[in-house]
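The values are calculated or read from the model by the stated rules, or taken from the named source; none is laboratory data. The structure displayed is predicted, hence computed values, not measured ones. For neighbour counting, all protein chains shown are included, and Cβ atoms are generated from backbone atoms with ideal geometry for every residue, glycine included. Areas reflect the complete protein model, heavy atoms only, side chains present, ligands, DNA and RNA absent. Shrake-Rupley method; radii C 1.70, N 1.55, O 1.52, S 1.80 Å.
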Amino acid sequence: LRVVKFRRTGDSSRSDEDVISGEHEVQIEGVRTELEPIELGDGAAVPKEFANPTDDTFMVEDAVEAIGFGKFQWKLSVITGLAWASNYAMEMMILSILAPQLHCEWRLPSWQVALLTSVVFVGMMSSSTLWGNISDQYGRKTGLKISVLWTLYYGILSGFAPVYSWILVLRGLVGFGIGGVPQSVTLYAEFLPMKARAKCILLIEVFWAIGTVFEVLLAVVVMPTLGWRWLLVLSALPLLLFAALCFWLPESARYDVLSGNQEKAIATLKRIATENGAPMPLGKLIISRQEDRGKMRDLFTPHFRWTTLLLWFIWFSNAFSYYGLVLLTTEFFQAGDVCSISSERKEVKAKCSLTCEYLTEEDYTDLLWTTLSEFPGVLVTLWIIDRIGRKKTMALSFVVFSLCSLLLFLCVGRNALTVLLFIARAFISGGFQAAYVYTPEVYPTATRALGLGTCSGMARVGALITPFIAQVMLESSVYLTLVVYSGCCLLAAVASCFLPIETKGRGLQESSQKEWGQEMVGRGSQSPGVTRSNSGSQE
């Protein structure tokens, strides 16, 4: 026997719950039907009482929720984290190690050293939208594999650059490949059940920290003996491991359904169910209406126009503030405190622009501590994001960063300065991760990768501009610099509050043809294995 709940339009004299067997008859939505065996795809007969009596259907979202989080998602977490650590964190961290080394070894002026960093962000900015478009048009796995192999190839070639112009071009091409890394989050999010999605995406930040720590430790070993060329080559090699593991990665079932490849989507879902030891939902998989994918105009439909514009500013502000704080930290620590930085600047101007200093063991230690300071931000964000929601989490992160920036107006000592800078960095990094959670959730499958790609591109614009504020404007006025960062984050906090959609407790939208939330509301309360009827009611 099995207890089945039905919602009836007729026969109001009967109770809401019945215990039914294969010999009973029931009236549902005014239709009288006998319970009889039905055929599943594999030819197995199942008594009708174990299926929905109305021609049941389910969507990929229902299947992902029913299968739940298990062994498959654990493997996917490690592989996605490996992409984040090797293709993103290590290649970004190497910038702070490579620049001073080449400044001394090749006797580069300061503007050429700065250009080595900027050209990577230029490459990332120019490619982010392209990788998003490729992922929406040809699949998440395809876009991710190409970007990883691209970064691996040009990362190794960078180690053989004979002159400055060559390494400038090659590092720009490395940045072009790094622009595709956020698509790993798109693929990752589309396999995660709703309750685990925010926590899992936030934990990717742990792999960022692992990657940066590993890069610093690798530099400590390699730089004194083998030099920067070997560091570039060895830093690219972990991408080989990820490229090999990419063949294990399945294509997103959501993408397959949207592109009309129903059989491949079902095979992927069955594979996940088998690995997790969970049953597949009963019924028939809905084939979403095939839509044009990866079209920029879809980001500016009336329903998503404001969301897109506000998210672009939020991502811009995140990168602008995060990388600005990294640059300001070095400046403030060199000066001792904010109040003495102006006199320190006067002394620096008198120095020759070719004066250089190699990184010392103490410098590498400071880099490690700076990286570890992001862990508290991840933990705080992890704790609050499912309690107060995505929008409020981003707003809170920006407000705390802005408050810490304003407190720097006070002539605090070195210890208080360190505390304020670390709190600011913890919250701005946590806010960055909250944006990575929110963005894939808010866009439908047809434009999810493109939406994330364009947001990532806007973040690179902020990263490009921030050196002119944190270094150039700082020479003129410390307080004006702090006002710019604080004001930008306050505006970003307001923008977060004005986002029209809160994605907390919602599933991922499959089609842009439906109003947002129409196909997701209530799934959090569905029990696993319950399917979705054609009429839209829950049985």
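Between Val220 and Phe160, what is 0.36 nm times their sequence separation minus the Cα-Cα distance? Round to one decimal in nm. Show your work: numbers first, answer last.
On the way: separation 60, 0.36 × 60 = 21.60 nm, distance 2.06 nm.
Once the chain is fully extended between Val220 and Phe160, it gains 19.5 nm.
Relative contact order for the range 53-287: what percent, with Cα pairs under 8 Å and sequence separation of 6 or more? Mind showing how you got there, number by number?
Working: 319 pairs, mean separation 89.0, N = 235.
Worked out over the range 53-287, it gives 38 percent.
Compute the whole-percent fraction of alpha carbon pairs in the range 53-287 spaced more than 30 Å apart. Kindly include the intermediate steps, with their values, before the conclusion.
Numbers: 9010 of 27495 pairs.
Roughly 33 percent, once rounded to a whole number.
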Tell me, what % of the accessible area of the range 164-208 is carbon and sulfur with a 1.4 angstrom probe? 83 percent
Protection-proxy order for peptides 236-249, 307-320, each taking the mean of Cβ atoms within 10 Å per residue, highest first: 307-320, 236-249
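Over the range 53-287, with the other protein chains present, what is the accessible area per residue in square angstrom, probe 1.4 angstrom?
I get 35 Å² per residue for the range 53-287.
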How much length is gained on full extension from Trp306 to Leu237, taking 0.36 nm per residue of separation minus their Cα-Cα distance? 20.7 nm
For the pair Lys264 and Gln112, the simple spin-label estimate (label points 7 Å beyond Cα toward Cβ) gives in nm 4.8 nm
Given a Förster distance of 30 Å, report the FRET efficiency between Val472 and Leu410 from their Cβ-Cβ distance, rounded to the nearest 0.05. 0.80
Using a 1.4 Å probe, how large is the accessible area of Arg297, given in Å² and rounded to the nearest 10? 150 Å²
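Tally up the carbon and sulfur contribution to the accessible surface of the range 425-476 as a whole percent, 1.4 Å probe, everything protein left in place. Provide the component values of the computation, followed by the final result.
Details: 680 of 950 Å².
Result for the range 425-476: 71 percent of the exposed heavy-atom area is carbon or sulfur.
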